[in-house]
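Structure first, commentary second.
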Amino acid sequence: MKKIVQTLCLILFCCLLMETAFPGPVQAVSTPSDAAFSEAIAEFLDDIPGDYYTIMDIPELKRKADQDNALLIDVRQPGEYASGHIPQAINIPLRTLPENLDKIPQNRPVILYCTTGYRTGIGVMTLRLLGYTNISAFPPSIQGWKAAGEPLEK
């Protein structure tokens, strides 16, 4: 139940993020019935793969970066990125993802990370809602990377 509530909160946040990123005239839409709304949410949740688009360990992250030419995107703020990031990662802060789509390829794997995984999840869902199918998350994020004794690039 906790995961469902968290997922619904994430969806709501992504919708709000999209609304502020793409302001425009508000069009009247019909409100779905409670049953239709519940069914749509259930369908959305059923479509989420068991791995939640995640890469959970560092060897897999390194393999994808090296062998699959994955692009690593640090979605933290520029100051956080400058204090140390995973080598070869680029910085696109979470709030600026929609305006930086030209930097996010659709023809090779893209892996997002942040400090703890929270912004990573929001970023993955945002890009998925924008039609990207090649997006994954590294939820251990920079804290997991540092805890494993991996080097940081500055």
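The values are calculated or read from the model by the stated rules, or taken from the named source; none is laboratory data. Computed from a predicted structure; not experimentally measured. With ideal geometry, Cβ positions are generated from the backbone for all residues, glycine too; neighbour counts draw on all protein chains shown. Quick note on the areas: whole protein, heavy atoms, side chains included, nothing else; ligands and nucleic acids left out. Shrake-Rupley method; radii C 1.70, N 1.55, O 1.52, S 1.80 Å.
Fully extended, how many nm does the chain gain between Glu150 and Arg95 (0.36 nm per residue separation, minus their Cα-Cα distance)?
17.1 nm
So who's got an amide H within less than 5 Å of the one on Ala137, skipping anything under 5 residues away but keeping other chains? H placed 1.01 Å off N, in plane.
Placed amide hydrogens put Thr54, Ile55, Leu112 under 5 Å from Ala137.
Using a 1.4 angstrom probe on the protein heavy atoms only, line up Asp34, Asp68 by accessible area, largest first. Before the final figure, lay out each step's value.
Details: Asp34 130, Asp68 55 Å².
Descending accessible area places them as Asp34, Asp68.
Tell me, what % of the accessible area of segment 52-154 is carbon and sulfur with a 1.4 angstrom probe?
Percent of accessible area from carbon and sulfur atoms in segment 52-154: 50.
May I ask you to work out the translational diffusion coefficient for segment 57-140 at 25 °C, viscosity 0.890 mPa s, via Stokes-Einstein with Rh from the Kirkwood sum over Cα pairs, reported in whole µm²/s?
Numbers: Rh = 12.6 Å.
Stokes-Einstein gives a translational diffusion coefficient of 195 µm²/s.
I'd like to check one number: the per residue accessible area of segment 62-104, probe 1.4 Å, reported in Å² as a whole number.
Ligands and nucleic acids excluded, the result is 50 Å² per residue.
So for each of 134-142, 146-154 I average, over its residues, the number of other beta carbons within 10 Å; can you give me the resulting order with the highest mean first?
134-142, 146-154
For a protection proxy built on the mean count of beta-carbon atoms within 10 angstrom, sort 60-66, 91-97, 77-83, 117-123 highest first, please.
Numbers: 60-66: 16.1, 91-97: 18.3, 77-83: 13.9, 117-123: 21.6.
Answer by packing, highest mean first, reads 117-123, 91-97, 60-66, 77-83.
Which of rounded, prolate, oblate describes segment 103-154, given a ≥ b ≥ c as roots of the alpha-carbon gyration tensor eigenvalues and a/c under 1.5 marking rounded, otherwise prolate only if a/b is larger than b/c?
Details: a/c = 2.92, a/b = 1.83, b/c = 1.60.
In terms of gyration-tensor shape, prolate.
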